[in-house]
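S.K.: Quick one: structure below, then a few questions.
Every read-out reported here was derived from the displayed coordinates using simple, explicitly stated rules and does not represent laboratory data. Keep in mind it's a predicted model, so treat the numbers as computed, not measured. Note that each Cβ is placed from the backbone with ideal geometry, even for glycine, and that neighbours are counted across all protein chains shown.
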Amino acid sequence: MRYNTLAFAGLAALAAATDVHDLTTESFEPFVNDHGLVLAEFFAPWCGHCKALAPEYEEAATTLKDKDIALAKIDCTAEQDLCQSYGVEGYPTLKIFRGAENVQPYSGPRKAQAIVSYMTKQSLPSVSLLHTSDALEEFKTADKVVLVGFFGKDDKTSNATFEEVADQLRDSFLFGATSDPKLAETEGVSQPAIVLYKTFDEGKNTFEKGFTKDTVVEFAKTASTPLIGEVGPETYSSYMAAGIPLAYIFAELPAERESLAKTLKPVAEKHKGKLNFATIDAKAFGQHAGNLNLEVGTWPAFAIQDSAKNQKFPFASQGSASDLSEKKIGKFVDDVVSGAVEPSIKSEPIPEKQEGPVTVVVAKSYQDLVIDNEKDVLLEFYAPWCGHCKALAPKYDELASMFKSHSDKVTIAKVDATLNDVPDEIQGFPTIKLFKAGSKDSPVDYTGPRTVEDLAAFVRDNGSNKIDVTGAATESAEAGVETDQMPMQAPAATEKASETASGMAGKATEGVKAKIVEAAKVVKDSMLVDDDVEDHDEL
């Protein structure tokens, strides 16, 4: 069989074609200085997240090429000095360049459409001036959500307020403005007014009274949120940024999510502005139900999460669409909003007695043992699967034994953060905090070496009661007790990492895995956003 070598050469050239520019240390600065706006990806060839981003990044580069916005990438395994000079610590890292010296982080989602939307906003002034009806019509459909201000030329106050809001929210929305009264009349508004145009729900919302920065920001965030949207990689951050509780509707099939959204639409309309509603794909993101104290795997399900207060309100009935009726969910939501429903708290049972030298804290005893007392409380937040936590355990036991004679002044305690809801944000295991007497609302993080002597000195130096047992720690070290410095804390596992841990250890329960997800830095990182996850010994 004979092959057409020219045809193969053409296919190879086509496969190699890319609109993403490969940059080196030598070419980087001239490139970013020659292009007005550049999005640069700092990556490593072995990075799984970088590989997942590649097709999205390529698609975005092709679209943005026509807008004169360049996308580039830098291989940090080959250009280490360049990457270090821009503070790259993980992969992929995305940064926006307006010349080599004007740099800002890219904080949008890592999907093609989102990259295009985000970078388009970066390329425009904070407020685009719209002088003609054609310009207005084109601008109205430039993104999923745009805001247009209709102000008179002499209305300096409204114009200034609108521009201030635009500067604050330019990463989220496109802003345009016109002073033409005829355009305002055509759009059915009277100056001054702001119209938010959107590609969903009723299509647009109008704001005409009380022009202050805060009221306009609130209007933009509320009106831009779908009445019942879908939680996903591109929407989760906006729901969290809204600053109000989020009601989740869990279902596996798209048709069922659509049906439930239609059923609960009146409930969402009643509470719009106070509570956001969104469906969530239980097949893809069902583990998040465990974070909300729902039973994972029993669908459909409903829960409300108030992230600002770290509160969860799971709806008790799961598994039947009839349980998620307008009447039943409507009453539940009314009761949550009015404060008639107590938030759900996941907790192990309170130990009948404390058997070891370290005091065991659970969610139900947290307030009593950690907060409501006049003791200095050193509290370790740990995970059973964490190798660093296991290595610390004998040293922590020794530390607790040394403070035993001062138990009226100091408590050395620990809490399993995978099985107990705790009010503190935990970013890694082990996390150690000192809740000192008289200042329990301002715990001090421990970041030093994990030796008995250093931990004892930390309690002495930072505690209110100034209890000193460091001499005993030194004697223990001289007696041969292991007090070498431990590695720095291991980042809390994401859902993917917890699955890896389960596969290798083979003993993690579903409840533990679900809570591991909750202990992640941000639930969105663990559930919906493909942020970096490093490999660690304990996994």
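S.K.: Once you order the gyration tensor axes a ≥ b ≥ c over the Cα atoms, which shape class does segment 100-157 get: rounded for a/c under 1.5, otherwise prolate or oblate by comparing a/b with b/c?
M.R.: Taking the square roots of the gyration eigenvalues as a ≥ b ≥ c, segment 100-157 is oblate.
S.K.: Taking square-rooted eigenvalues a ≥ b ≥ c of the alpha carbon gyration tensor, is segment 102-217 rounded, prolate or oblate, where a/c under 1.5 means rounded and, failing that, a/b exceeding b/c means prolate?
M.R.: Judged from the Cα gyration tensor, segment 102-217 comes out prolate (a/c at least 1.5, a/b above b/c).
S.K.: At 20 °C and 1.002 mPa s, what whole-number value in µm²/s does Stokes-Einstein give for the translational diffusion of segment 174-279, with Rh from the Kirkwood sum over Cα pairs?
M.R.: Roughly 139 µm²/s, to the nearest whole number.
S.K.: May I pose another question? Remind me, what semi-axes does segment 304-389 give for its equivalent ellipsoid, largest first in whole Å, using sqrt of 5 times each Cα gyration tensor eigenvalue? Before the final figure, lay out the partial values.
M.R.: Working: eigenvalues 245, 53, 30 Å².
Three semi-axes, in Å: 35, 16, 12.
S.K.: Which three extents, in whole angstrom, do the alpha-carbon atoms of segment 343-479 cover along their principal axes, largest first?
M.R.: 47, 33, 29
S.K.: A follow-up question, please. Using a simple spin-label model with points 7 Å from Cα along the Cα→Cβ vector, what separation in nm is obtained for residue 103 and residue 408?
M.R.: 5.8
S.K.: Okay, next question. Structure shown: which of 395/436; 67/182; 346/409; 65/144; 111/213 lie over 25 Å apart, alpha-carbon to alpha-carbon?
M.R.: Pairs exceeding 25 Å: 67/182; 346/409; 111/213.
S.K.: Where the convex hull is taken over the Cα atoms of segment 212-364, what is its projected area averaged over directions, in nm²?
M.R.: Convex hull of Cα atoms, orientation-averaged projection: 11.6 nm².
S.K.: Can you bin segment 261-315 into rounded, prolate or oblate? Criterion: square roots of the alpha carbon gyration tensor eigenvalues sorted a ≥ b ≥ c, rounded for a/c under 1.5, prolate for a/b above b/c, oblate for the rest.
M.R.: Since a/c reaches 1.5 but b/c is at least a/b, the shape of segment 261-315 is classed as oblate.
S.K.: Hey, what do the phi angles of segment 240-255 turn into as Karplus ³J(HN,Hα) couplings, whole Hz, using 6.51/-1.76/1.60 and θ = phi - 60°, x for Gly and Pro?
M.R.: Each residue of segment 240-255 in turn: 5, 6, 5, x, 10, x, 10, 9, 9, 10, 8, 7, 7, 9, x, 5 Hz.
S.K.: Here is a further query. What number does segment 222-280 give for Rg over Rh if you use C-alpha atoms and the Kirkwood radius? All intermediate terms of the calculation are to be shown ahead of the outcome.
M.R.: On the way: Rg = 10.7 Å, Rh = 11.4 Å.
So for segment 222-280, dividing Rg by the Kirkwood Rh gives 0.94.
S.K.: Going down the table (204/265; 433/466; 209/265), which pairs top 24 Å between alpha carbons?
M.R.: Numbers: 204/265 18 Å; 433/466 16 Å; 209/265 27 Å.
The answer is 209/265.
S.K.: Determine, for each peptide in 363-370, 189-196, the mean count of other beta carbons within 10 angstrom over its residues, then list the peptides with the highest first.
M.R.: Details: 363-370: 17.8, 189-196: 19.2.
With the highest mean Cβ count within 10 Å placed first, the list reads 189-196, 363-370.
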